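See below for the structure under consideration.
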Amino acid sequence: MTNIDVARNAYLAFNGVDLDAVLSVLDCTIVWRPALGNPYRPTGGAWIGHDAIIENLFARLATEWEGFAFHPEQYHDAGDRIVVEGRYFGTCRTTGKTLSAPACHILSIKDEKITHFQQYLDTAQLQDVMGV
């Protein structure tokens, strides 16, 4: 399996809301860094490991959004890193506003597991949609 295949499988699982499949592609000690200014972690500090990501991100996305998804548009192979350009979509349940924000992810992959995730995102739009 190529690193692009690993990345594609992760996004298919995420958009299919299959938490077990998502976690199976993430290394158990993954370092997950949201974009600076992301309302879920404004400082951009990392969450480390499955439990931290589930508690601080996935659980909130499931309750605070309707139809939240990331649609990859392009994958760029950089060896042990994959750069993914795409767009976030969803409707915030508290404001009723719809998100359509361009984003870029950098995934570090080793032994068919994502070990590091870095998000770059239009956080101003995300903050507006969430009303924060």
> Can you name every residue in the range 83-103 that is hydrophobic (A, V, I, L, M, F, W, C), closer than 20 Å to residue 73 by Cα and either open to solvent by 50 Å² or more (accessible area, probe 1.4 Å) or out of contact with any Lys or Arg (no Cβ under 8 Å at 6 or more places or on another chain) (or both)?
Replying inline: 83, 84, 89, 99
> Yes or no: residue 85 more than 14 Å from the chain's Cα centre (by Cα) and within 20 Å of residue 126 (Cα to Cα)?
Replying inline: no
> Can you name the residue in the range 104-132 that is among the hydrophobic types (A, V, I, L, M, F, W, C) and in contact with a helix residue (DSSP H, G or I) (Cβ under 9 Å, 6 or more places away or on another chain) and, of all such residues, is surrounded by the most Cβ atoms within 10 Å (Cβ to Cβ)?
Replying inline: 107
>> What are the pairs with Cβ atoms under 6 angstrom where one residue, in the range 20-49, is without any contact (Cβ under 8 Å) to a residue 40 or more places away in the chain and within 16 Å of residue 108 (Cβ to Cβ) and the other, located anywhere, is part of a strand (DSSP E or B) and open to solvent by 80 Å² or more (accessible area, probe 1.4 Å)? Sequence gap at least six, or different chains.
In response: 46/33; 49/29
> Out of all the residues in the range 20-40, is one or more crowded, with 17+ Cβ neighbours inside 10 Å, among the charged types (D, E, K, R), modelled with pLDDT of 95 or more and within 18 Å of residue 2 (Cβ to Cβ)?
Replying inline: yes
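If you check residue 5 against the conditions, is it farther than 20 Å from residue 128 by Cβ, open to solvent by 20 Å² or more (accessible area, probe 1.4 Å), charged (D, E, K, R) and modelled with pLDDT under 95?
no
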>> If the requirement is being in contact with a Lys or Arg (Cβ under 6 Å, 6 or more places away or on another chain) and open to solvent by less than 90 Å² (accessible area, probe 1.4 Å), which of these qualifies: 71, 50?
In response: 71
>> Any residue in the range 107-122 that is without any contact (Cβ under 8 Å) to a residue 40 or more places away in the chain and within 16 Å of residue 53 (Cβ to Cβ) sitting within a Cβ distance under 9 Å of a residue that is part of a loop (DSSP other than H, G, I, E, B) and not β-branched (Val, Ile, Thr)? List the pairs, counting only those 6 or more apart or interchain.
In response: 108/80
> Out of (1) at pLDDT 95 or above; (2) within 20 Å of residue 30 (Cβ to Cβ), what's the single condition that is false for residue 79?
Replying inline: (1)
>> So residue 70 passes all but one of these: (1) part of a strand (DSSP E or B); (2) among the hydrophobic types (A, V, I, L, M, F, W, C); (3) closer than 17 Å to residue 31 by Cα. Which condition number does it fail?
In response: (3)
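The values are calculated or read from the model by the stated rules, or taken from the named source; none is laboratory data. No experiment lies behind these values; they were computed from the predicted model shown. FYI the Cβ positions are ideal-geometry reconstructions off the backbone, even for glycines, and counts take in every protein chain you see. When the accessible area is computed, the model is the full protein with side chains, heavy atoms only, and any ligands, DNA or RNA have been set aside. Shrake-Rupley method; radii C 1.70, N 1.55, O 1.52, S 1.80 Å.
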